[in-house]
Structure formats: structure tokens, C-alpha cells
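Participant: First, the structure itself, so that you have it in front of you.
Read-outs: derived from the displayed coordinates by stated rules, not from any lab. Model, not experiment: these values are computed from the prediction. Counting neighbours? That spans all protein chains shown, and the Cβs are built from the backbone with ideal geometry, glycine included.
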Amino acid sequence: MEWRGARREGNIEDRRGLGGVGLAGGGIGALVLAAVGYFVFGIDPQTTLQATQQIQGQAQQEGQRGQTKDDNGQFVDAIETSNTDVWGPILARQGVRYTPPEAVVLYDNATQTGCGTGQSAMGPFYCPADRRVYLDLTFWNELETKFGAKGEFARAYVISHEIGHHVQTLLGTSEAARRLGARGEQSGSVRLELQADCYAGVWASHAGETSNGQIVINPADIEDGLGAAAAVGDDTIQSKTQGQVVPDSFTHGTSAQRMRWFTRGYERGDPTVCDTFGASRL
């Protein structure tokens, strides 16, 4: 994957090196993020809550805004900027103005968010309350060593998936998942996550059109993306972390489903094919 000549807007808030910050949103926010950490990455909720308790009372710190000097930070910046370039025209055709996330926040260990205290063990996540993507870059090592997903495009897929959640916020799609949950239907979260996978595929389909062609994605990169999608399927993660698969607790979809919806978005390049909420088969 080529990206180093790509445009970078500097929509980065760098909190690395600042340490943990105070709890935002109280215990409910912490519990929500603890649940995410457990069901997505196999993290014991108590681990998250202990980290939350340890960083309570520390002063809130804001990170530096703008472009970063390190290679990893520049990569995140380039992918976020490319997503802006891709989604702007697409949503404009639907009569929707695309506004980027407030920032992609780079942090170490734990940080304050509008959704509670985020912890690096949860992996990357999007907080709709403050419209920010949160990413501890040590997750790249976890992605390779624990999940076996290698290559820069696997990382780009993860970033674009989280920005896909931002697109859902702009389109009001997240409300559809909330309504399903209110009716007691467990598929709402899965449909939301699979749609974000599909949106990541849409980005990949058009990424080469951004930055004057300075982002180049080849077939091997797509294979890396599919490998990442397979590695973080609920069935695969549960099998590795707890030795059994419990479909009733799925939150993101199976490996096969995640691969299928990413491929659908990539091959069609059209977000209208990402209607997981209207699909009879996920």
C-alpha cells in the first residue's frame, strides 16, 4: 500500500505521553466501554473498570492538535483525510454534508472520552457523543500478534471502519440500531458493525481517486483487509479467547459476514449496497 505522498489535513489530537485522564460520563460510560472491550476483544470487564478507577481524579489534559511527525501518526492522518475526500462527494450526492470527525485521538493506555473512559485493551473505537475516533497505536502490534492481521491496509481497514461509524452518525443510522435494541432484537449491533465494514470497503474502492492518486491499493492489500476482517469476527475471537462460540453474544458479526460485507462495499463502491438493516441475510 502506498500512502506517503498523500494529503494530510492534520485532524489529529495527539494525547500520547500525557498519561491517563479523568473519567467522563460516570460509571455508566465506563460500563458500556467495559462491555465493548469484553465482547469485541475478549477483555474481562473488571480489567477495564479497574483501569477506570485507577485514573479517576487525574486532571484532564488535551492533546496537541494538527499533523504529527512520526510515521504511524502520519499514516492515520493520511487515511482519515482520504476518508474525508471519499465521503464528501458521496454524501453530497445524497444531499448530506459530510463533516469529518472532530478528531482522531491518539493516546496511550487510557483516556477520557465523551462515552466514558477509553482503555487501550478495547482496541480502536468511535464515540458518537463527542464524534471522535480513539486509537492507541499499540493496537497495531495486537492486530498482528494476537489476531494475525498484517500489513498497512489491515490498519487502514480498522481506521476506515471506525470512520464508517461516524458516517452512520451523520446519516442517523445509529438510531436504527437503537430501535432494534429497544425491541429486544440482538441483531442491531451486528448490523451496525457490518455496515461499518461495508463502508470501509466503499472507502477502499475510491481511495485511489484521492490525494491525486497518491494512495495506491493493490490486490494484496485487499487480501490483508479481508484477513483483518476475518481475524476480528466474533466467532473467531470467542473461539480463541474462551474456547467456545456463543452466537447470542455476537456484537460485530462472524468472520464470514465481516469479509462478505467489506467485499460488497469494495466491489460496488456504493454505500447504498450497505443496507444491512434491510438485508434478510447478513
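Participant: For region 169-229, state which trypsin sites (Lys or Arg not before Pro) are in a DSSP loop and have at most 12 other beta carbons lying within 10 Å of their beta carbon.
Facilitator: Of the trypsin sites (Lys or Arg not before Pro), the ones in loops of region 169-229 whose Cβ has at most 12 other Cβ atoms within 10 Å are Arg183.
Participant: Can you give me the long-range amide H partners of Ile12? Hydrogens built in the peptide plane at 1.01 Å from N, cutoff under 5 Å, separation of 5 or more residues or another chain.
Facilitator: Gly66, Val104
Participant: Next question. What distance in nm separates the two pseudo spin-label positions at Glu152 and Gln64, each 7 Å out from Cα along the beta-carbon direction?
Facilitator: Going from the Glu152 label point to the Gln64 one covers 2.3 nm.
Participant: Please give the contour-minus-distance gain from Leu282 to Ser239: 0.36 nm per residue of separation, less the Cα-Cα distance, rounded to one decimal in nm.
Facilitator: 13.5 nm
Participant: Also, I was wondering about something else. Which whole-Hz ³J(HN,Hα) couplings does region 89-100 yield from phi under the Karplus relation 6.51 cos²θ - 1.76 cosθ + 1.60, θ = phi - 60°, glycine and proline marked x?
Facilitator: Computed from phi, the couplings for region 89-100 are x, 4, 6, 4, 5, 9, x, 10, 7, 7, 10, x Hz.
Participant: Between rounded, prolate and oblate, where does region 98-238 land on the alpha carbon gyration tensor, with a ≥ b ≥ c its root eigenvalues, rounded for a/c under 1.5, else prolate if a/b exceeds b/c?
Facilitator: Taking the square roots of the gyration eigenvalues as a ≥ b ≥ c, region 98-238 is rounded.
Participant: If each residue's Cβ is checked for other Cβ atoms within 10 Å, how do Leu170, Leu226 rank with the fewest at the top?
Facilitator: In order of increasing Cβ crowding within 10 Å: Leu170, Leu226.
Participant: With just the Cα atoms defining each centre, how far is region 101-140 from region 187-238? Give it in Å.
Facilitator: Taking the Cα centre of region 187-238 as reference, the centre of region 101-140 is 19 Å away.
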